[in-house]
Amino acid sequence: MKVGIVTFQRAYNYGAVLQAYALCRSINTLGYPCEVIDYHCAKFEKDYRKVSIFNSKSLRSFVSAIVNGRVRNRKRKRFVDFVEKEIHLSNKQYYENNITEANEVYDIFITGSDQVWNYWYANVKRYKNPLHAYFLDFGSDGTKRLSYAASWGVTKLPEDFVQAAKPLLAKFNYLGVREESGVDLCRQCGREDAEWVCDPTLLLGAETYRNLYAENKIRKPEKNYILLYMLNNTCDFDIQSVYDFAAGRQLDVVYVTGNGVIDSRKKYFATIPEWLYLVDNAEYVITNSFHCGVFSTIFHKQFGIVPLSGKLIGMNARFDSLFELRGTGNRFVTDRDFSVLEKTYQVKPAKVSQNFLNVLQ
């Protein structure tokens, strides 16, 4: 029985790549031949790669965006190299026009993890092809369909999306979602049996990830530091407050960004092994990234989460789920209060769902 995973394996995003690595490795470890289907969704890949210099608010940040964009382009090859070296990809590449051919290779399809079911409240017709791909609609009638830690990325669904998702979810043999709120969204789409499960990155131990950076040549900061990792998501947060906090503790700030963040501050463009090292060895971690929060718990770091705001506020549900699953308590920070960074916590262990295993067999 061969398993094929449909996810975001080609995204230039640390968490997206590492969750694909973790899920595939975990299933292989369970004794099931598994690989990530090298599916290319043109729209999603474009969104992940996009860096717009026209978001710059000053000449200085405009020039910085151009320079940083060129550096990012050089680093993208290192993302590709990591994916091709560390993730078991299908030999064949699949696109919207040939994804049905995967039925000839795989007996079981899994979608997840990450925000494979998040379509940003857009018109369903605009996302018709990726919708059907990430909801595994290309599988044959006898194919097993499972989701593992699939994220909706929102807490409410528009009615047209509900109607589109209902017949697709009805075909699934098992539904595992990443956020507790996702259980309710599945119920809204006609499924009462969805299960809240942990992100697949939590299924591997810290030493597995340490081996990834130990086996690669990486740069290491010379001084003790705070890791500041920010995605280009709306937040009511003044970045300068992190530098002020660090200065008061005689720490450097290692500033890593993703998803097209544009500002004039000095950035550290890390490879995936370097990013893992930076999380593992930071004095503190401050981030608005879900997976950076996850890895902070894996390495048992003192960390704070910058909550999202505006239209993205619903995505904070993933942080609430993380806090509860890992037993960290609320770890949200503001630019006026970093006290949570000093609060200790005892990590709850993570394990794969027995219901998932039963259906997988």
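Could you tell me how many of the residues in segment 335-361 are without any contact (Cβ under 8 Å) to a residue 12 or more places away in the chain and of a type in the set (Phe, Trp, Tyr)?
Number satisfying all stated conditions: 0.
I'd like the full set of residues that are among the hydroxyl-bearing types (Ser, Thr, Tyr) and either more than 22 Å from Arg25 (Cα to Cα) or at pLDDT below 95 (or both), limited to segment 142-174.
Thr143, Thr155
Is one or more of the residues making up segment 140-149 farther than 17 Å from Leu175 by Cβ and in contact (Cβ under 8 Å) with a residue 40 or more places away in the chain?
There is no residue in segment 140-149 that is farther than 17 Å from Leu175 by Cβ and in contact (Cβ under 8 Å) with a residue 40 or more places away in the chain.
Only one residue in Lys311, Lys301 is open to solvent by 10 Å² or more (accessible area, probe 1.4 Å) and free of Cβ contacts under 8 Å to residues at least 24 places away in the same chain, so which one is that?
Criteria check complete, one pass: Lys301.
Identify all residues within segment 81-92 that are open to solvent by 30 Å² or more (accessible area, probe 1.4 Å) and farther than 22 Å from Met1 by Cβ; write none if there are none.
Hits for segment 81-92 are Asp81, Glu84, Lys85, Glu86.
Restricting to segment 201-238, what's the tally of residues that are outside any loop (DSSP other than H, G, I, E, B) and surrounded by fewer than 12 Cβ atoms within 10 Å (Cβ to Cβ)?
The qualifying residues number 1.
Please go through segment 1-38 and pick out each residue that is at pLDDT 95 or above, open to solvent by less than 10 Å² (accessible area, probe 1.4 Å) and more than 18 Å from Tyr209 (Cα to Cα).
Val3, Gly4, Ile5, Val6, Thr7, Cys34, Val36, Ile37, Asp38
Could you check, for segment 328-346, whether at least one of its residues is out of contact with any Gly (no Cβ under 7 Å at 6 or more places or on another chain), modelled with pLDDT of 95 or more, crowded, with 18+ Cβ neighbours inside 10 Å and closer than 18 Å to Ser113 by Cβ?
Within segment 328-346 (the criterion being out of contact with any Gly (no Cβ under 7 Å at 6 or more places or on another chain), modelled with pLDDT of 95 or more, crowded, with 18+ Cβ neighbours inside 10 Å and closer than 18 Å to Ser113 by Cβ), the answer is no, since none of the residues qualifies.
Looking at segment 267-298 only, could you name the residues that are farther than 28 Å from Ile87 by Cβ and open to solvent by 20 Å² or more (accessible area, probe 1.4 Å)?
Glu283, Tyr284 - these are the residues of segment 267-298 that are farther than 28 Å from Ile87 by Cβ and open to solvent by 20 Å² or more (accessible area, probe 1.4 Å).
The values are calculated or read from the model by the stated rules, or taken from the named source; none is laboratory data. Being a predicted model, the structure only gives us computed values, none of them experimental. Positions of Cβ are backbone-derived with ideal geometry, glycine not excepted, and every protein chain shown enters the neighbour counts. Only protein heavy atoms, including side chains, enter the accessible area calculation; ligands, DNA and RNA are left aside. Shrake-Rupley method; radii C 1.70, N 1.55, O 1.52, S 1.80 Å.
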